[in-house]
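Taking it in order: structure first as structure tokens, then the write-up.
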Amino acid sequence: MSLAHRSTAWEVVPLTYERYHVSTKSVPNRAAPIPKFVIIRSDNCINCGKCERACIYGVHKRSEQDPRKMADPINNLCKNCFRCIQDCPQRALAMAPGPDYKSLGRGVWTSLRISTIWGESETGKIPVLGAGYRGRFAGPGFDGMWTDMSEIVRPTRDGIHGREYISTSVDIGRKPQLLEFSADGAMRTDMPPIVELQVPVVMDATRLRSFSDEMLAGFASAARHLNTLLIAPVGVLPEVSDSDLSGLLVPVFPEGTDPRGLMLARGTRMAELTFSPSWKQDLKMFRSQYPFAVVGIRMNADKNVEQRVLEMAKASVDVAHIIFDEEGVEPDNPEGRHAKDSLRAVHKALVAKALRDRITIISGGGIAAAEHVPKTIICGADVVALEKALAIALECRDCVTCSKGSCPVGLHTAPRDWVEGRVTNLVGAWRDQLLEVLGAMGLREVRRLRGEVGRAIFFEDVEREAFADMTGGATDG
Amino acid sequence: MHIQNEGVGRAIYPGNATPAPPPTEFSPKTERAENKVASELAALNLKDVRVASASGERMLYSRDQSEIPKFMKDILFDAQPEVVVHADSLEAVIAVVRFAASKGLPIIPRGSGSSPFGGSVPVTGGIVVDISGMDKIISIDVQKKTARVEAGVRWADLDHELEKKGLAINTSPSSKFSTVAGWISTGGMGLNSLSKGHLSWSVLEVEIVTPDGSKRTFSKGDLMFPAVFGSEGQLGIITSATMSVREMPKKSRPHILFFDDSKSALSFAHALAKSDVHPAHIVFESASKFRYVNRALGQEHFKESDAILVNVEGDESERSFEVFLKSTGLTEEKEYLARYMWNERFFPMKVRKYGPGMLGSEVVVPLRILPDALAKTADLCADIGLSPLFEIHFISVDSGLLLTYYITDQGNTIGYALDAVKSMMLTSMLIDLGARPYSIGIWNYPFSNAEEKARMEQMKAAKASLDPRGLMNSGKYFTLSGRFGGVAGLFFNPSFMRPALKTMRVFSPLTNRVMRMGYEFAERKLRPKSRTELLKVADECAMCGACVSVCPAYLVVGDERVTGRGKLLTVKAMAGGAKITKEHSDRIFLCTRCKACEQVCQSKLELVKTYESLEKELEAMHGKDAAEIEKFVKYTESLPEYDRLIERGLVSGAPKHGMGGGSADL
């Protein structure tokens, strides 16, 4: 389904019905993965091969050079089932949490989330993390909200693709509040430009610590595949800008760009300007040159974000791209709110002024797991921007040494096909999980999830309900 | 707990593709050998019989635990058997014996080959019948406390099976990896003989195949029964035995006490043996032993003086021991020291590595002459330049098994031969003092006339009745044959050798001087010839065969060349300039790298490392057959016998009550 409105004349386009589907395939790791568990084979191993027969995951194998000896365990295949340890007649095996795994990640980018993204990017499948959830049930940020009726206990029996269709498509752009028609039936409303995505997820490469042309080209191919957009600094990927992929590329113009000299590649459907005090003039100038492009304004979230978005909606900005930091918190603000609170405030303010559909909200930053997508949407965003998750999908270890020019996994040597496959897998896996959530809620469209805070339980609400009325002995009078 | 693989379903992870089913059979390449006897025997296609005719494999059977000087092995004797037969059942033994008898070939029965006296080594060729494959424990009667076993069962295996039923063997040889028939045939004296008596007390019935191919059974009380013990394969091939066993002692507690001199140590031991403590076992260890133990441990854990190690079983006995100890006013050492030394009883060969090599004499000495004998042996050793270790196992209230060990360098041909003569001088002196040889074999033949007259008569009568043609282990015991019309027999004849040894002893200063010339010559001529690291390990090996009994590869291939002992003998053969065939070389690679050999190694050698360097040398010569190795590994690990072996033999040393402990019984 593709609706490309290029003319103001309304015509009914015969649609060919085709279910949107992300086809995934295994894209193996390029670097040696960091194992979650480390099997330690001690010296009293007698190379009897019992562990090989015990392990259904293929951790234990005989050495290929000398089949008389056991090879070192392939730790990253270990699922922590302890069967080899139990079956070893010598008690020669022991298991420990991987030391590198334990030191992986920081903040919301926990080692579990990072390794989950690795797995999703490799297989394109919903991860199976093992029996039981051993973490806390509440925490800061998105961990303080629980989506209703949608804990993914196990993949549904008939599979998410076997059920009735659930749409994950969203439209980017402002929507008119009503349509006007003339007496002869012609539509009089001037339709604003709209970009339809099949997933409520866009890629944003502008905030990656480092990237190569191959990576960007891979992202762009994935975007085409997924029918979504790649937001990237203006001027990158000149060959893509000239090709039929240009429609997928959203150039970002940095603050201070002279709006009169803006050049958009042919076929560009959307562009982003960076927030500045003169944003209204910038917008006007941009519109005068490219009236049919969707225009977004990027801004760092702060305590006035709802006020600014409101102004933008009033000024007919198509998209407000709200940026949070890696932790999902308003940047440059020591008391910054988490995206879930910021977005709720923005959504609420827009709804209060009946402007919600006049603007599209893209939220980026702190999106570290599949569950963060529906949670961000529940809080009021239309679209979620993937940033760091894209790098993690390419096996990034979040070690920050790229700023020093070294990368343990050689991200810069990642070939474009591989990048495309990994990112496609990640988005495919995340979409499948989104479908599970929607399916469990009984929703058939992701559009319906936007701002549906009733579909989630917020920890602070629960806490208030449980404890706020308790007086604890002190009374007013 | 074992989860069956069935029903798990298709592999869901890329690393876990369904493995190919294991091969259903495995037989390694064999070298062709032009050997008439072997091909005739093979043509009979006997069941449970494996005929080994390759010279590389037969080489292993031209010796036992002791290192025979090359000139003796190859010149004086025809020590290489014409053919080696592994007979794994009674029927097989009968068939092989009939075949040999029909050809008039000597029959040399062999167990694990762990005795050092040459009893299982041919002197005039013939057929060696290896019965170590007859290793079934036929039945264990918990009520009657008896066990019936095939002849090739090893004591450790029997004890292991008994332990599961709360039982234990009465007595055991210091090499628990020797076979039941082997110990019946050679000595029968060992650990716990003090409390449980000679092996013949425990054995109730012996089944034996005589050279006429018939099966005879001798029970306690039969006239022939006592003759079987110590018969050294002269009467027939033992095929099974029934013996009484005992309840596993609830508690076993070793104690160790140090003394200022050997006399006080021995009198303490004597008093203890006669007391109402009824200790299970008493060992005297000389001060020099602890010098080596400390050296091996790298720390002065033990006092370097004479000691008594005693093992006490049961609470009551333990209490009596405490009372006894109090009455003597002596204090014992810490428990862990005693336990360490008690554990070392199964590793008497450890000190070999300081030679590398060890020689010694082993005699049964009446207790009344023991202090004197010990002193005189020490004096003689000082005279002829030996620094010996003494160990006395008390085998009854009035006699002990005196072992005199000393370190030698067996890589030095002349020095080693001279040291071997010294061991005979020691034995000869002890015999003259009134001791008896422990076993005869080849090396103690000069002392065969020291056996009790009655015992000799008994053996002669039994031999005449059971083996009138003299096929069994021929050329030994009653006489000693060899090449050149038995020149060795003349030389080793008691009436020549004993006076000769006595003369050497009496003029020991002179003897010593003459010998020193020999040593100096050896030093000058032979030292520069450096020894490779591999050969050094091979020389350190005691050739006790403990590794053979636990080797899964031996279980599959049946060729001793795949075992530790076989590989180290290959090293020696290579060092001696022997040509190793491609087939021989390929067999060396058939190994599971299970390290079972290392676990049971008497000399605590780093065997696997040694195998790797041997393989490297062989690979350079012949390459390796990777496909055969892989097939071998896959086949081996699919065998249920292999599973049993790893559940049993290899778990020693692992914590019993650890996670999954005793997993076989869950």
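Structure summary
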item: Of residues in segment B:629-638 being over 28 Å from the mean Cα position of the chain (by Cα) and more than 8 Å from every other protein chain (Cβ to nearest Cβ), the one nearest to residue A:49 (Cα to Cα); result: B:638
item: Residue in segment A:245-252 that is farther than 26 Å from residue A:25 by Cα and among the hydrophobic types (A, V, I, L, M, F, W, C) present; result: yes
item: Evaluation of residue A:403 against (1) at pLDDT 90 or above; (2) assigned to a helix (DSSP H, G or I) (one fails), failing number; result: (1)
item: Qualifying position, being touching a Pro at 6+ places or on another chain (Cβ under 7 Å), modelled with pLDDT under 95, of a type in the set (A, V, I, L, M, F, W, C) and over 22 Å from residue B:249 (Cβ atoms), among B:266, B:272, B:330, B:297; result: B:266
item: Failed item in (1) more than 18 Å from residue A:383 (Cβ to Cβ); (2) buried (at least 20 other Cβ atoms within 10 Å of the Cβ), with residue A:305 passing the rest; result: (1)
item: Output for segment B:109-119, where each listed residue is in contact with a helix residue (DSSP H, G or I) (Cβ under 8 Å, 6 or more places away or on another chain) and either at pLDDT below 90 or farther than 13 Å from residue B:178 by Cβ (or both); result: B:109, B:112, B:113, B:114, B:115, B:117, B:119
item: Options A:392, A:377, A:367, A:457: the member that is without any contact (Cβ under 8 Å) to a residue 60 or more places away in the chain and touching a strand residue (DSSP E or B) at 6+ places or on another chain (Cβ under 9 Å); result: A:367
item: Residue within segment B:599-610 that is modelled with pLDDT of 90 or more and crowded, with 24+ Cβ neighbours inside 10 Å present; result: yes
item: Residues of segment A:100-119 satisfying the condition of being within 19 Å of residue A:77 (Cα to Cα), crowded, with 19+ Cβ neighbours inside 10 Å and among the hydrophobic types (A, V, I, L, M, F, W, C); result: A:104, A:114, A:117, A:118
item: Selection status of residue A:420, farther than 29 Å from residue A:172 by Cβ, touching a residue at least 12 places away in the same chain (Cβ under 8 Å), surrounded by 17 or more Cβ atoms within 10 Å (Cβ to Cβ) and under 17 Å from the mean Cα position of the chain (by Cα); result: no
item: Residue check, residue B:581 in contact (Cβ under 8 Å) with a residue 60 or more places away in the chain, over 20 Å from residue B:646 (Cα atoms), of a type in the set (Val, Ile, Thr) and buried (at least 23 other Cβ atoms within 10 Å of the Cβ); result: no
item: Filter result for residue A:51 (surrounded by 17 or more Cβ atoms within 10 Å (Cβ to Cβ) and more than 10 Å from every other protein chain (Cβ to nearest Cβ)); result: yes
item: Counted residues, segment B:323-343 - those being part of a helix (DSSP H, G or I) and within 36 Å of the chain's Cα centre (by Cα); result: 11
item: Residue within segment B:151-167 that is under 18 Å from residue B:240 (Cα atoms) and in contact with a His (Cβ under 9 Å, 6 or more places away or on another chain) present; result: no
item: Any hit, segment B:442-457, residues being among the β-branched types (Val, Ile, Thr), within 17 Å of residue B:501 (Cβ to Cβ) and in a loop (DSSP other than H, G, I, E, B); result: yes
item: Residue in segment B:354-374 that is outside any loop (DSSP other than H, G, I, E, B) and without any contact (Cβ under 8 Å) to a residue 60 or more places away in the chain present; result: yes
item: From A:22, A:38, residue being more than 14 Å from chain B (Cβ to nearest Cβ) and either more than 36 Å from the chain's Cα centre (by Cα) or at pLDDT 90 or above (or both); result: A:38
item: Enumerated helices (runs of 4 or more DSSP H) restricted to segment B:137-237, each holding at least 1 residues that are more than 18 Å from residue B:111 (Cα to Cα); result: B:155-164, B:193-196, B:199-202, B:225-228
item: Qualifying residue in segment B:646-660 (condition: buried (at least 17 other Cβ atoms within 10 Å of the Cβ), in the same structural domain as residue B:563 (by TED's automatic domain parsing), at pLDDT 85 or above and out of contact with any Phe, Trp or Tyr (no Cβ under 9 Å at 6 or more places or on another chain)); result: no
item: Residues of segment A:229-247 that turn out to be closer than 17 Å to residue A:290 by Cβ, in contact with a helix residue (DSSP H, G or I) (Cβ under 8 Å, 6 or more places away or on another chain) and modelled with pLDDT under 85, as a count; result: 1
item: Considering residues of segment A:54-91 that are small (Gly, Ala, Ser) and either under 36 Å from the mean Cα position of the chain (by Cα) or more than 8 Å from chain B (Cβ to nearest Cβ) (or both) only, the residue surrounded by the fewest Cβ atoms within 10 Å (Cβ to Cβ); result: A:63
item: Hits in segment B:239-256 (condition: crowded, with 19+ Cβ neighbours inside 10 Å and out of contact with any helix residue (DSSP H, G or I) (no Cβ under 7 Å at 6 or more places or on another chain)); result: B:240, B:242
item: Failed item in (1) within 14 Å of chain B (Cβ to nearest Cβ); (2) surrounded by 20 or more Cβ atoms within 10 Å (Cβ to Cβ); (3) modelled with pLDDT of 85 or more, with residue A:33 passing the rest; result: (3)
item: Every residue from segment A:203-230 that is within 18 Å of residue A:23 (Cβ to Cβ) and hydroxyl-bearing (Ser, Thr, Tyr); result: A:221, A:228
item: Identity of the residue in segment B:611-624, in contact (Cβ under 8 Å) with a residue 40 or more places away in the chain and buried (at least 16 other Cβ atoms within 10 Å of the Cβ), that ends up farthest from the chain's Cα centre (by Cα); result: B:622
item: Candidate set: segment B:158-175, residues that are within 21 Å of the chain's Cα centre (by Cα) and under 17 Å from residue B:203 (Cα atoms); chosen: the one surrounded by the fewest Cβ atoms within 10 Å (Cβ to Cβ); result: B:159
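Quick grid of which residues meet (1) free of Cβ contacts under 8 Å to residues at least 12 places away in the same chain; (2) within 21 Å of residue B:211 (Cβ to Cβ):
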site	(1), (2)
B:416	no, no
B:434	no, no
B:453	yes, no
B:467	no, yes
B:490	yes, no
B:505	no, no
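The values are calculated or read from the model by the stated rules, or taken from the named source; none is laboratory data. None of these values were measured; they are calculated from a predicted model. Glycine gets a Cβ as well: all are built from the backbone with ideal geometry, and neighbour counts include every protein chain shown.
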